[in-house]
Amino acid sequence: MKIRIRLVYELGGPLLLIALVALVGSMMSIAQQANVINILVTATIVIGLYVFIGNSGVMSFGQISFVAVAAFAAGILTSPVAIRSTTMPQLFHFLAVTKISNLESLLLGALLGAVFALLTGLVLMRLSGLAAGIATFAVLEITYDVITYWNKIGPGARTLALVPVSTGLSVSAIGCGIAVLAAFLYQHTRSCRLLRASREDISAARGIGVSVFRQRLVAFTLSGAIAGFGGALFVHELGSIQSSQVYIDLTFTTLAMLVVGGSGSLWGATVGGIGFGIVDVFLRNAENGVALGSLHLSIPSGTSTIILGAFMVAVLILLPRGVTGSRECLERFSMKRFSKAVRLDDQDVPRKP
Amino acid sequence: MSALGDLVNAISLGVIYAVVAVSVGLVFGVLRQVNLAQGEIIAFGAYSLWLTRTWPIVLSFLLCCLICIGMSLAMQIAIFRPLRGASALTTLIVTFGLSYALEAVWLMVFGPNGQPVSRLSILNNTVLGGHVDIRWVTFAEIGIGGLFFVLLLTVLYRTKVGAMMRATAEDYKTARLIGVRIEQVVTVAFVFGGLSAAIVAILATVQTPLVTPDFGFNLIVVALVGVVLGGIDSLGKATAGGFVVGFVNSLLGAVIPEQQLVFLPTLTFLFVILVLLLRPAGLFVPNRASVERV
């Protein structure tokens with residue numbers, strides 16, 4: 001029974017947080033609602049990152065390429081067929097004539113993300129450590145380069161416009177909830193436990209017969225699916241997309257959210273995605289001036305990025321395992337788990353010399 | 001452009017990336033950590049050249065060196081000391097964040113369109129004129145880069161602190177046990193990191209005079225790719241890796257047709273993935289060596 005309560009917290013915590021954000025968002029003005037939707041969509045992508053990075057302990061800069069591919073595919077295939085021949089005259093025939101609904105495009109986004117992740121994963125998951133990080137970064141660079149300059153598969157360097165907007169508050173909240181559910185279900189599978197074992201001690205995991213490659217590939221594919229799903233939500237949120245929107249900046253922001261929240265737990269990913277998003281929105285608003293009670297706060301343009309960067313550096317120096325300590329929701333209230341978590345901390349981070 | 005010209009230019013670009021790679025390799029050697037914010041030291045050095053554009057050239061370069069070394073040491077104290085013992089990936093992300101924040105600072109202070117630095121533009125003149133397009137800057141790069149390596153090797157192999165650095169890179173714990181002063185070693189590594197940044201700032205601004213906020217980041221990313229490609233465990237291999245990436249990038253740029261040039265990053269990074277697959281621990285590291293050290 002005790003275990004079940006822990007599971008309820010583990011899944012319920014993130015879902016409740018999402019519902020709360022959506023509820024608060026529904027009471028806001030339309031302009032502010034857009035920010036809330038953006039936070040939820042970004043959180044979906046962060047959860048996608050968590051599924052691979054958090055569970056495997058391998059750094060990946062490549063997930064945003066899955067977001068990019070899915071966002072462009074979903075955007076192109078749902079945009080009006082009539083305008084495609086004028087805005088994207090060189091498009092492949094099947095891309096130029098196929099039209100799907102927004103709901104179908106979300107599924108397509110997830111599928112494309114998964115397939116792309118699987119294919120790159122087959123090659124990349126043989127690597128570890130920094131080599132893996134650099135190789136996934138190479139994937140991001142290649143994806144960006146191809147999307148920006150190959151006119152047969154998209155609008156090239158121009159903006160893809162007139163994508164039907166359908167990611168409202170409820171859709172983004174449900175989407176984020178689906179991502180949480182998928183991540184939750186996955187982290188209780190045998191496959192994920194084996195992967196986590198390899199994260200804690202790769203040699204020991206290999207010693208007991210874990211195929212680290214296969215388990216990483218599974219996580220990478222699921223992570224790609226969630227990222228792709230997030231990408232499709234993203235394009236239907238904005239109504240337009242440009243390749244630079246799904247590149248280094250988004251990679252940085254989402255990674256920062258994950259590590260600040262705590263990359264080792266689903267709760268950490270959700271709190272990081274939403275919390276960091278709220279701070280981000282607040283700072284961007286402050287650049288245009290906000291009223292805090294009787295105080296009028298206004299900061300110079302560009303300051304928000306500096307503060308966010310500094311904030312992230314400070315959090316990681318003071319709390320290397322993120323603000324949640326990489327624990328699941330309410331996990332620390334159980335003293336037994338608490339002592340275990342602390343012991344893990346010691347093992348993970350080598351002692352200061 | 002002639003084949004000889006292409007080759008010499010590729011070598012000079014390789015040297016620039018090798019100098020950047022040295023700074024990454026030095027810090028990794030003693031601390032097992034990656035400094036992605038090294039690029040911002042280069043950027044600030046380049047901006048300092050713009051700020052002091054009316055000064056005598058020697059003073060301007062001197063100040064650039066001082067600023068880069070100072071900034072490097074400041075990073076060591078503010079970021080790397082508290083993170084001592086953290087994993088390479090944690091520092092990679094922290095310095096990524098720092099780099100991102102500093103880029104926003106450059107954007108605010110120096111504007112998005114970049115500032116022109118033209119202190120040594122005379123070096124852009126071609127050497128022979130006519131058929132072979134080799135510019136003086138190429139020789140400056142090879143010469144100054146070479147001098148820097150000689151200085152570095154002298155310190156590493158002919159001084160006591162150099163021996164301590166090599167010992168630390170070989171085995172951190174044992175080095176400490178036998179009385180190596182780690183703080184001193186780390187400080188020297190960061191001083192060289194700053195110096196290399198200043199050299200890159202001075203040389204790179206001759207080839208690309210426009211200093212934009214992402215000036216340093218673009219350099220460090222390619223150099224870091226080179227370092228991992230070469231083998232981050234050893235300074236020599238890391239430097240060679242930096243050289244290879246710069247060299248291949250420049251050569252590919254000369255070989256592929258003009259209208260396909262936009263796909264140059266794709267080709268370069270495909271090359272990177274291919275090398276990492278065949279040699280996961282690095283281009284110059286035998287496959288038998290452990291991959292899991294990082």
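Pull up segment B:271-294, narrow it to residues that are farther than 17 Å from B:V245 by Cβ and under 23 Å from the mean Cα position of the chain (by Cα), then point me to the one that is modelled with the highest pLDDT. Steps first, please.
Of the residues in segment B:271-294, the ones farther than 17 Å from B:V245 by Cβ are B:286-294.
From the residues that got through so far, the ones that are under 23 Å from the mean Cα position of the chain (by Cα) too are B:293-294.
Working: B:R293: 43, B:V294: 39.
Per the criteria, the residue is B:R293.
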For this session: Scan segment B:259-282 for residues that are more than 8 Å from chain A (Cβ to nearest Cβ), in a helix (DSSP H, G or I) and open to solvent by 40 Å² or more (accessible area, probe 1.4 Å) and report the count.
Result: 7
For this session: For segment A:95-113, state whether one or more residues are in contact (Cβ under 8 Å) with a residue 60 or more places away in the chain and among the β-branched types (V, I, T).
Result: no
Exercise. Name the residues in segment B:151-175 that are small (G, A, S) and crowded, with 19+ Cβ neighbours inside 10 Å, would you?
Worked result: B:A169, B:A175
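Can you tell me how many residues in segment B:1-28 are within 14 Å of another protein chain (Cβ to nearest Cβ) and over 25 Å from B:P213 (Cβ atoms)? First the steps, then the outcome.
As a first pass, look at segment B:1-28 and keep what is within 14 Å of another protein chain (Cβ to nearest Cβ): B:21, B:24-25, B:27-28.
Right, trim to over 25 Å from B:P213 (Cβ atoms) and you get B:25, B:28.
Within segment B:1-28, residues that are within 14 Å of another protein chain (Cβ to nearest Cβ) and over 25 Å from B:P213 (Cβ atoms) number 2.
Of all helices (runs of 4 or more DSSP H) completely enclosed by segment A:72-187, which ones contain at least 1 residues that are buried (at least 23 other Cβ atoms within 10 Å of the Cβ) and within 14 Å of chain B (Cβ to nearest Cβ)?
Values: elements: A:81-87, A:93-97, A:102-124, A:129-149, A:169-186.
Per the criteria, A:102-124, A:129-149.
Just checking, which of A:T251, A:T270 is in a helix (DSSP H, G or I) and either open to solvent by 20 Å² or more (accessible area, probe 1.4 Å) or farther than 18 Å from A:L185 by Cα (or both)? I'd like the intermediate steps shown before the answer.
Numbers: A:T270 fails: either open to solvent by 20 Å² or more (accessible area, probe 1.4 Å) or farther than 18 Å from A:L185 by Cα (or both).
Only one candidate passes the filter, namely A:T251.
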For this session: Any chance you could count how many residues in segment B:51-78 are without any contact (Cβ under 8 Å) to a residue 60 or more places away in the chain and either touching a strand residue (DSSP E or B) at 6+ places or on another chain (Cβ under 9 Å) or open to solvent by less than 10 Å² (accessible area, probe 1.4 Å) (or both)?
Result: 3
For this session: Please specify each residue of segment A:132-187 satisfying the condition of being within 21 Å of A:I47 (Cβ to Cβ) and of a type in the set (V, I, T).
Result: A:T136, A:V139, A:T143, A:T167, A:V171, A:I174, A:I178, A:V180
Exercise. Any idea which of (1) in a helix (DSSP H, G or I); (2) modelled with pLDDT of 85 or more is the one B:T90 doesn't satisfy?
Worked result: (2)
For this session: From (1) open to solvent by less than 30 Å² (accessible area, probe 1.4 Å); (2) more than 13 Å from chain A (Cβ to nearest Cβ); (3) under 23 Å from B:V185 (Cα atoms), pick out the condition that doesn't hold for B:S48.
Result: (3)
Problem set entry | Subset tally (residues that are modelled with pLDDT under 85, surrounded by 12 or more Cβ atoms within 10 Å (Cβ to Cβ) and not in a helix (DSSP H, G or I)) for segment A:1-50 | 0
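With the condition being within 13 Å of the chain's Cα centre (by Cα), I'd like the helices (runs of 4 or more DSSP H) fully within segment B:157-250 carrying at least 2 qualifying residues. Before you say what the answer is, go through the steps one by one.
Values: elements: B:160-170, B:172-177, B:182-207, B:215-230.
Of the helices (runs of 4 or more DSSP H) lying wholly inside segment B:157-250, those with at least 2 residues that are within 13 Å of the chain's Cα centre (by Cα) span B:182-207, B:215-230.
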Seminar exercise, completed: Flagged in segment A:254-267 as within 14 Å of another protein chain (Cβ to nearest Cβ), open to solvent by 10 Å² or more (accessible area, probe 1.4 Å) and not β-branched (V, I, T), in numbering order, are A:S263, A:G264
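The values are calculated or read from the model by the stated rules, or taken from the named source; none is laboratory data. Because the structure is predicted, anything quoted here is derived from the model rather than measured. Quick reminder, even Gly has a Cβ in these numbers, built from the backbone with ideal geometry, and neighbours come from all protein chains shown. Just so you know, the surface numbers come from the protein's heavy atoms only, side chains and all, with ligands and any DNA or RNA stripped out. Shrake-Rupley method; radii C 1.70, N 1.55, O 1.52, S 1.80 Å.
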